[in-house]
Each structure stands twice: as C-alpha cells, then as structure tokens.
Amino acid sequence: MIGVDLGIVNIATDSDGVIYSGKHLNSVRGSGGGCKRSRPRGQGRLKKLSRKEQRFANHVNHTISKRIVEKAQRTNRAVALEDLRGIREGQG
C-alpha cells in the first residue's frame, strides 16, 4: 500500500518518501505582473488571471495524482489517503 500525506508546501508525500512538491505551483500563484493591484477596470483581467491560475493548479494536481496511481499500479499496491475528518475538534 502507498500511503499519501497531503499538504500545502508539498502537495503529496508517499510512504516511500517521494515528495511531490508544489513549489512551482506556489511560485506561479499570485504572480500576475501587477494585475491584481490594478484599478477596478482591471476586474476582467483579474477574473481571467484567477481562472488561468485555477486551470494550472488543476493540471498540476492531476499530473501528481496520475504519477501516484501509476506508481501504485507498477508496484501492485493500493493507494491510501490520510483521513482528516474530525481533526479540528481536537484543537481548542
């Protein structure tokens, strides 16, 4: 079985210690060449940029998940994700 830990900085880490980094994704987010700080007339550009970032994030996530599934198939193992239900009740 390949256990997968999901995170923010590293999108996923499998039980073999392979890290699937989100470094490139995080560097692309928020870099709009000043578009996000533009005047209200730039709202159309802001929405366009937001959709573009979302499509890129979906692509990166899909690529990483595909690599994990291919590795599991290649090694004849199952994929197990962490269960985070109820994690907030333990805090505070």
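Since every read-out is calculated from the coordinates, none of them should be taken as a lab result. All of these numbers come straight from a predicted model, not from anything done at the bench.
The phi torsions of the stretch 58-66, fed into the Karplus equation with coefficients 6.51, -1.76 and 1.60 and a -60° offset, translate into couplings of 4, 5, 4, 4, 5, 4, 5, 5, 5 Hz, rounded to whole numbers, with Gly and Pro shown as x. Between residue 15 and 3, the built amide H atoms are under 5 Å apart, and every one of these is 5 or more places off in sequence or on another chain. Amide H contacts for residue 10 (H built 1.01 Å from N in the peptide plane; partners 5 or more residues away or on another chain; cut-off under 5 Å): 22.
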